Amino acid sequence: MFFGSIPALVTPFSGGRVAEDTFADFIEWQISEGSNGLVPCGTTGEVATLTTDEHREVIALTVRVANGRVPVIAGCGTYSTANSIERAKVAADLGADAVLAVVPYYNKPSQAGLAAHFTAIADASPIPIVVYNVPSRTVADISVETLAAISKHPKIVAVKDATGNLGRVSDQRLKCGEDFCQLSGNDDMALGFNAMGGVGCISVSANVAPKLCSDFQKATREGRWDDALRLQDRLYPLHAALFTDASPAPTKYALTRIRPGFPTELRLPLVEASDASKRAVDAALEHAGLI
């Protein structure tokens, strides 16, 4: 259902508002460069700072520009099950193809609570659910056993795994089944992730290097592992540099180097990338041959 390079899109802001024209052009560029899907309103899109109206606006714009050419997986997860359900229904009404629902953060639910949360969303959602497991941000971690249990629900079709534990790919493949879609949430681990049964990456780096990330993913799908390794080596410093400061600050800075005039504005509590981070990004972009 989902595969390849799927950028977790940044949200460009200008003067405190979503920069719609810039965002539309950015989406068009992503598709023309070979991205295989789009994720608006994820962590990289500063979703926690978006108003309800902006959340709708960003998803609607992504769907409209994509126009069916690639799937749109809309970030809709919150730590409230009721709010997540409401957002999932809105995303479906706007034409999104699936929902990205993060493990509830802050309130640290039990495994039983996590299973009930995702099952409730799936029961109410008109479109498929991608579970987003990122314990470094949420504290809570959905176990392989719990994921396997909820994967039996026909609407729960995939996981974005940002645990950093490559062993989980094999474990989840065995327990959830070969047809359950596993997407990496870590660019730097995507090579190993795909070798162990993953089919793609919901990517931060693809914001900046969409063609290289798409070429890398295509190489892994086609079993061209030598080519994939060369691209991994070319991209690895960028994967690291984009997290030398709070994301997506380094990514927005990198975009100004690739797409002059792209706004670097972030919303508090995020601030502009540090000088050290900018130097790391510049060096990584040069290493990748992007500047």
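Readers should treat all values here as calculations from the given coordinates under stated rules, not as data from a laboratory. All of these numbers come straight from a predicted model, not from anything done at the bench. So basically every Cβ, Gly included, is an ideal-geometry build from the backbone, and we count neighbours across all protein chains shown.
With the alpha-carbon atoms as the only input, what is the per residue convex hull volume for region 81-169 in Å³? Walk me through the numbers on the way to the answer.
Values: hull volume 7.8 nm³, N = 89.
With only Cα atoms used, region 81-169 gives 88 Å³ per residue.
What number, in percent, do you get for the relative contact order of region 167-220 if the mean sequence gap of Cα pairs under 8 Å and at least 6 apart is divided by its residue count?
Taking the mean separation of contacting Cα pairs over the length of region 167-220, I get 31 percent.
Nearest 0.05, what FRET efficiency do ASP226 and ALA116 give at R0 = 51 Å with Cβ-Cβ as r? Don't skip to the end; give the middle numbers.
Working: r = 46 Å, r/R0 = 0.90.
The pair ASP226/ALA116 has a calculated efficiency of 0.65.
Rounded to two decimals, what ratio of Rg to Rh does region 174-289 give with C-alpha atoms and a Kirkwood Rh?
Working: Rg = 15.2 Å, Rh = 14.9 Å.
Using Cα coordinates only, the ratio equals 1.02.
Within 10 Å of each residue's Cβ, count the other Cβ atoms and sort TYR79, TYR132 from fewest upward. Mind dumping the intermediate values first?
Details: TYR79 17, TYR132 29.
So the ranking, lowest neighbour count to highest, is TYR79, TYR132.
According to a simple spin-label model (label point 7 Å from Cα along Cα-to-Cβ), what is the distance in nm between ARG259 and ASP233?
Placing both labels 7 Å beyond Cα along the Cβ direction yields 3.1 nm.
Roughly what percent of Cα-Cα pairs across region 151-212 reach past 17 Å? All intermediate terms of the calculation are to be shown ahead of the outcome.
Details: 676 of 1891 pairs.
So the portion of pairs separated by more than 17 Å is 36 percent.
If you rank ASP53, ASP187, ASP233, ASP97 by fewest surrounding Cβ atoms within 10 Å, what's the result?
Numbers: ASP53 9, ASP187 26, ASP233 12, ASP97 20.
With the fewest neighbours first, ASP53, ASP187, ASP233, ASP97 line up as ASP53, ASP233, ASP97, ASP187.
Over the Cα atoms of region 4-224, how large are the radius of gyration and the largest Cα-Cα distance (Dmax), in Å?
Computed over the Cα atoms of region 4-224, radius of gyration and Dmax are 16.2, 49 Å.
Sum up the charges of everything whose Cβ sits under 13 Å from the Cβ of PRO237, counting Lys and Arg as +1 and Asp and Glu as -1, but leave PRO237 out. The partial results should precede the final answer.
Details: positive: ARG234, ARG279; negative: ASP187, ASP188, ASP233, ASP282, GLU286.
In short, -3.
Can you check what the Kirkwood hydrodynamic radius comes to for region 103-250, Cα pairs only, in Å to one decimal? Display every interim value, and only then the final one.
Numbers: mean 1/r = 0.0624 Å⁻¹.
Evaluated on region 103-250, it is 16.0 Å.
What span do the alpha-carbon atoms of region 1-85 cover on each of the three principal axes, reported in whole Å from largest to smallest?
Largest first, region 1-85 extends 34, 34, 19 Å along its Cα principal axes.
For the chain, what does the helix formula give at 222 nm: sum of -39500 (n - 2.57) over DSSP H segments with n ≥ 4, over the residue count, nearest 500 deg cm²/dmol? Walk me through the numbers before you get to the answer.
Numbers: 12 runs with 135 residues, N = 291.
Computed mean residue ellipticity for the chain: -14000 deg cm²/dmol.
Distance from a point 7 Å along Cα→Cβ of SER143 to each backbone N in region 168-187: keep the residues under 20 Å and list them by number.
Backbone N within reach: 168-177.
Quote the relative contact order of the chain in percent (integer), defining contacts as alpha-carbon pairs under 8 Å separated by 6+ residues. Show your work: numbers first, answer last.
Details: 567 pairs, mean separation 52.7, N = 291.
Contact order relative to length: 18 percent.
Note down the magnitude of the dipole of the chain about its Cα centre, charges +1 on Lys and Arg C-beta and -1 on Asp and Glu C-beta and zero elsewhere, to the nearest 20 debye. Provide the component values of the computation, followed by the final result.
Numbers: 26 positive and 32 negative charges, 65 e Å.
Dipole size: approximately 320 debye.
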